[in-house]
Amino acid sequence: MNSNSKFFLNDVPLSYEKYIKIACDPSKSVVIESCAGSGKTWLLVSRILRLLLSGNEPSQLLIITFTSKAAEEINDRLLQLLKKIALSNEEDVIDLLLERGLTNEEVNSGKLKIAKKLYQKILGCGSYLSIGTFHSWFLKLIRVAPLESGIPFFYKVEEQTNHLKKIAWKSFIFSISSRKDKTLIKALMKLYEILGEKFTTELINKFINMQSEWFIIKQFDDPLMDMIKNCKNDLLIDPRIDLWNDNFFISNLVEISDALNYGTESQKVASKKIKKILNENTNLKKFDNLIDVLLTKDKFIKKNLIKSNTSNKNFLNEDSLKNMKKKFDEIHSVLINTINRSKESKVIILNEALFQVGEAFLNHYSEKKIERQIFDYSDIELNAWKLINFSNFSPYIQSRLDEKYKHILIDEFQDTNNLQWSVIKSWLNAYEYGIDKPRIFIVGDPKQSIYHFRRAEPKVFETAKKKIIKDGGFYLSCSQSRRNAFSIIELLNKVMSGSNLLYKNHTTSSNIKGKVYRLPLVRVKKNDLYSSKEKFNNNLVKNSFFKKSSTAENFDRQEEGFIIGLTSSYIKKKFNIEKQLNWSDFLILVKNRNYLTDWELGLRKAEIPFISNRSGGLLNSLEIKDLLALLKWFVLNSDDLSLVH
């Protein structure tokens, strides 16, 4: 592959013009893998324009993206493009259309006139573009057959269900305790014993988040029995015991032991220990003793065992030394595999308890939703899947979709989960061979899949790609960014190349060189009582003595904010020589919102103006809190706390 190439068709380099021509061609199904800043939204909007120019009605396009905000952006950018076409002179419009893959012949054959009228058509006709999220589209499907879907028409969608889950969990614990459900109590206590309270709660939450997948799996199989079948031999006999029946492993071990006997003093000691272990009775202790001799605490082969020296070379030639290292690798692989397999019985016990508690809590949680006449996103996905696959209304739903939509466009496809893609795939698979299916256009970047907590799965991208190619579609990819500075791309290539199998080296069309700074770490003071690392404590009771206090942690975050502020000031002053920078040119990204208040205090200390999207909005900002406290004191002079605030 040409390392300088930026655009590819099935991993074969091609020109930008051909790339755009295929991507925007209304007659082709296309999946596009495109890096950050490469103009994916521009491409999607251009494809929509080409579809409208080819005679498709707006209502025949199904446009799906991940968030409502993204859907609004696509709609706004399309309208801006159509408005620009309507108001611009013909020469500019011709350039714009040629830029999107049309030929001069197509432009002159009437496409120019059609393009100039599209803005008026979109605004004036009753036909509208269907742009929304998967959930909004699934909800429309469910509303077509509310009785068959199992969700009453008057139920409301609840977006934030964390609070309800916490309430349901408390009532679930109370319920199994009050009715003395021994089976569930035993299963729950087993989870606490293995994982502790914190990780048990996290695991149950993950189980609930996968409720749709659990329902589907249960329709076709018994998950626990499948696990038992896969682990059957290891459940009958412990792999750490069975290992000593492996003659090939034993012969490798003997050969290694003989070789080590001619090595350094430490290698000779290891050789004697291995020979002693080989003569011991077979039990779990025998395996543990071998691990102690060969592996470090991190489960790697001890370096002193494979270290070459003069004594070794007198006994082994160069090829034999390589062979010995190879045998060490083989032994290491077998030992690690044996350790992992030995845990499978515990995994079965853990999952059996999880499935019992998880399913019981899932039923309890569902009852709570029914009481409140609400349903969540998982309910929407599951019921849409059932409607299109197994309900009596499936043929009707299919026919409605076939009649309504001729083109499917999906933005940010890397954030799609298995169930969402399954609905699309089921719809496409329902078409008989030879019948003209809807054209599908998918754009995304698996490297940018960050919504795993919402069950997004980057592997779905690869599955969809294979499906589209199999059905006669095209796979395009782009590794050129339009917006990122050269220094950022250069650093990205250094960090990602070789460490991520999905990554291909990026280029940029930006002329800005840019600069990358590595911020200093916040130094922990020597007299900080909380600086020692808190070791993982699997006990159910938290050890508050060694846990860092929230106050000390808050000060750390404030210090981080202060350092970021000082660094930003330095960058602003230095760059102002080359280009005038405003504070609005800076963007600070944080992992979560938990410490935003502390970081904001640090920025204030550094006298940096900022706008924060901290949840709670205006009423939660410090200035407004001060103002409210002052107003409270005006109303009630005895409110000393408000005055102190």
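The values are calculated or read from the model by the stated rules, or taken from the named source; none is laboratory data. None of these values were measured; they are calculated from a predicted model. We place every Cβ from the backbone using ideal geometry, glycine too, and count neighbours over all the protein chains shown. With ligands, DNA and RNA removed, areas are computed over all heavy atoms of the protein, side chains included. Shrake-Rupley method; radii C 1.70, N 1.55, O 1.52, S 1.80 Å.
Tell me, please, whether a residue that is farther than 30 Å from Val423 by Cα, within 32 Å of the chain's Cα centre (by Cα) and open to solvent by less than 60 Å² (accessible area, probe 1.4 Å) can be found in segment 90-105. Steps first, please.
Step one: filter segment 90-105 for residues farther than 30 Å from Val423 by Cα, giving 90-105.
Still in the list and also within 32 Å of the chain's Cα centre (by Cα): 100.
The next check asks that each one be open to solvent by less than 60 Å² (accessible area, probe 1.4 Å); those that pass are 100.
Checked segment 90-105: at least one residue is farther than 30 Å from Val423 by Cα, within 32 Å of the chain's Cα centre (by Cα) and open to solvent by less than 60 Å² (accessible area, probe 1.4 Å).
One line per residue, one yes/no per condition, for (1) in contact with a Leu (Cβ under 6 Å, 6 or more places away or on another chain); (2) at pLDDT below 90; (3) open to solvent by less than 20 Å² (accessible area, probe 1.4 Å):
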residue: Lys6; (1), (2), (3): no, yes, no
residue: Ser15; (1), (2), (3): no, no, no
residue: Lys28; (1), (2), (3): no, no, no
residue: Ser34; (1), (2), (3): no, no, yes
residue: Ser38; (1), (2), (3): no, yes, yes
residue: Val45; (1), (2), (3): yes, no, yes
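Return the residues of segment 451-482 that are assigned to a loop (DSSP other than H, G, I, E, B) and under 21 Å from the mean Cα position of the chain (by Cα); say none if nothing qualifies. Can you show your working first?
Keep residues of segment 451-482 that are assigned to a loop (DSSP other than H, G, I, E, B), which gives 451, 455-458, 471-473, 479, 482.
The answer is Tyr451, Arg455, Ala456, Glu457, Pro458, Ser479.
Name the residues in segment 449-465 that are crowded, with 17+ Cβ neighbours inside 10 Å and either touching a Ser or Thr at 6+ places or on another chain (Cβ under 7 Å) or modelled with pLDDT under 90 (or both), would you? Steps first, please.
Applying the first criterion (crowded, with 17+ Cβ neighbours inside 10 Å) to segment 449-465 yields 449, 455-458, 460-461, 464-465.
Selection gives Ser449, Arg455, Ala456, Glu457, Pro458, Val460.
Filter segment 483-492 for residues that are in a helix (DSSP H, G or I) and within 23 Å of the chain's Cα centre (by Cα); which is surrounded by the fewest Cβ atoms within 10 Å (Cβ to Cβ)?
Within segment 483-492, the first condition is being in a helix (DSSP H, G or I), and the residues that meet it are 486-492.
So of that shortlist, the ones also within 23 Å of the chain's Cα centre (by Cα) come out as 488-489, 491-492.
Working: Ile488: 20, Ile489: 21, Leu491: 14, Leu492: 19.
The residue in question is Leu491.
Does any residue of segment 365-384 turn out to be within 23 Å of Val45 (Cβ to Cβ) and touching a strand residue (DSSP E or B) at 6+ places or on another chain (Cβ under 7 Å)?
no
For segment 246-303, which positions are β-branched (Val, Ile, Thr), in a helix (DSSP H, G or I) and either open to solvent by 30 Å² or more (accessible area, probe 1.4 Å) or at pLDDT 90 or above (or both)?
First, the residues of segment 246-303 that are β-branched (Val, Ile, Thr): 250, 254, 256, 264, 269, 274, 277, 282, 291, 293, 296, 301.
From the residues that got through so far, the ones that are in a helix (DSSP H, G or I) too are 250, 254, 256, 269, 274, 277, 291, 293.
Answer for segment 246-303, where residues must be β-branched (Val, Ile, Thr), in a helix (DSSP H, G or I) and either open to solvent by 30 Å² or more (accessible area, probe 1.4 Å) or at pLDDT 90 or above (or both): Ile250, Val254, Val269, Ile274, Ile277, Ile291, Val293.
Note down all Cβ pairs under 8 Å where the first residue falls in segment 204-224 and is farther than 21 Å from Asn389 by Cα and touching a residue at least 40 places away in the same chain (Cβ under 8 Å), the second is acidic (Asp, Glu) and open to solvent by 80 Å² or more (accessible area, probe 1.4 Å), and they're at least six residues apart or on different chains.
Within 8 Å, the pairs are Leu224/Glu352.
Would a scan of segment 137-149 turn up a residue that is of a type in the set (A, V, I, L, M), in contact (Cβ under 8 Å) with a residue 60 or more places away in the chain, open to solvent by less than 10 Å² (accessible area, probe 1.4 Å) and within 30 Å of Asn418 (Cβ to Cβ)? Explain how you work it out, then say what you get.
Within segment 137-149, the first condition is being of a type in the set (A, V, I, L, M), and the residues that meet it are 139, 141-142, 144-145, 147.
Now drop any that are not in contact (Cβ under 8 Å) with a residue 60 or more places away in the chain, which leaves 139, 141-142, 144-145.
Among the residues that remain, those that are also open to solvent by less than 10 Å² (accessible area, probe 1.4 Å) are: 142, 145.
Narrowing further to those that are within 30 Å of Asn418 (Cβ to Cβ): 142, 145.
Checked segment 137-149: at least one residue is of a type in the set (A, V, I, L, M), in contact (Cβ under 8 Å) with a residue 60 or more places away in the chain, open to solvent by less than 10 Å² (accessible area, probe 1.4 Å) and within 30 Å of Asn418 (Cβ to Cβ).
I need every pair where a residue in segment 39-67 that is on the phi < 0 side of the Ramachandran plot and of a type in the set (A, V, I, L, M) has its Cβ under 6 Å from the Cβ of a residue that is surrounded by 22 or more Cβ atoms within 10 Å (Cβ to Cβ) and assigned to a loop (DSSP other than H, G, I, E, B), sequence separation at least 6 or different chains.
Close Cβ pairs (under 6 Å, with a partner that is surrounded by 22 or more Cβ atoms within 10 Å (Cβ to Cβ) and assigned to a loop (DSSP other than H, G, I, E, B)) amount to Leu44/Asp411.
Would you mind finding the one in Phe393, Phe441 that is open to solvent by 10 Å² or more (accessible area, probe 1.4 Å), more than 29 Å from Gly196 (Cβ to Cβ) and touching a helix residue (DSSP H, G or I) at 6+ places or on another chain (Cβ under 7 Å)? Talk me through it step by step, then tell me what you get.
Values: Phe441 fails: open to solvent by 10 Å² or more (accessible area, probe 1.4 Å).
Only one candidate passes the filter, namely Phe393.
The rows are residues; the columns are (1) among the aromatic types (Phe, Trp, Tyr); (2) open to solvent by 90 Å² or more (accessible area, probe 1.4 Å); (3) modelled with pLDDT under 55; (4) touching a Cys at 6+ places or on another chain (Cβ under 9 Å).
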residue: Lys467; (1), (2), (3), (4): no, no, no, no
residue: Lys494; (1), (2), (3), (4): no, yes, no, no
residue: Lys504; (1), (2), (3), (4): no, no, no, yes
residue: Gly514; (1), (2), (3), (4): no, no, no, no
residue: Lys535; (1), (2), (3), (4): no, yes, yes, no
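Mind listing just one residue for me: the one in segment 51-92 that is part of a helix (DSSP H, G or I) and of a type in the set (S, T, N, Q) and, of those, farthest from Lys116 (Cα to Cα)? Quick ask: steps written out before the conclusion?
The initial filter retains those residues of segment 51-92 that are part of a helix (DSSP H, G or I), namely 51-53, 58-60, 68-87, 90-92.
Remaining after also requiring of a type in the set (S, T, N, Q): 59-60, 68, 75, 80.
Values: Ser59: 19, Gln60: 20, Ser68: 28, Asn75: 18, Gln80: 13 Å.
Going through the qualifying residues, I end up with Ser68.
Just to be sure before I move on: is Tyr475 of a type in the set (Phe, Trp, Tyr) and either in contact with an Asp or Glu (Cβ under 7 Å, 6 or more places away or on another chain) or open to solvent by 40 Å² or more (accessible area, probe 1.4 Å) (or both) in the structure I sent? Give the derivation first.
Working: of a type in the set (Phe, Trp, Tyr): yes; either in contact with an Asp or Glu (Cβ under 7 Å, 6 or more places away or on another chain) or open to solvent by 40 Å² or more (accessible area, probe 1.4 Å) (or both): no.
In short, no.
Would you pick out the residues in segment 168-189 that are assigned to a helix (DSSP H, G or I) and open to solvent by 70 Å² or more (accessible area, probe 1.4 Å)?
Initially, segment 168-189 is screened for residues assigned to a helix (DSSP H, G or I), giving 168-178, 182-189.
Listed by number, the residues that qualify are Lys170, Phe174, Ser178, Lys182, Thr183, Lys186, Met189.
Can you tell me which residue in segment 406-438 is farthest from the chain's Cα centre (by Cα), limited to those that are of a type in the set (Phe, Trp, Tyr) and surrounded by fewer than 18 Cβ atoms within 10 Å (Cβ to Cβ)?
Tyr433
For segment 321-345, enumerate the residues that are open to solvent by less than 40 Å² (accessible area, probe 1.4 Å), at pLDDT 85 or above and of a type outside the set (Phe, Trp, Tyr). If you could, list the steps in order and put the result at the bottom.
Keep residues of segment 321-345 that are open to solvent by less than 40 Å² (accessible area, probe 1.4 Å), which gives 321, 324, 327-328, 331, 335, 338-339, 342.
From what's left, at pLDDT 85 or above: 327-328, 331, 335, 338-339, 342.
Once the filter is applied, which keeps residues that are open to solvent by less than 40 Å² (accessible area, probe 1.4 Å), at pLDDT 85 or above and of a type outside the set (Phe, Trp, Tyr), segment 321-345 yields Lys327, Ile331, Leu335, Thr338, Ile339, Ser342.
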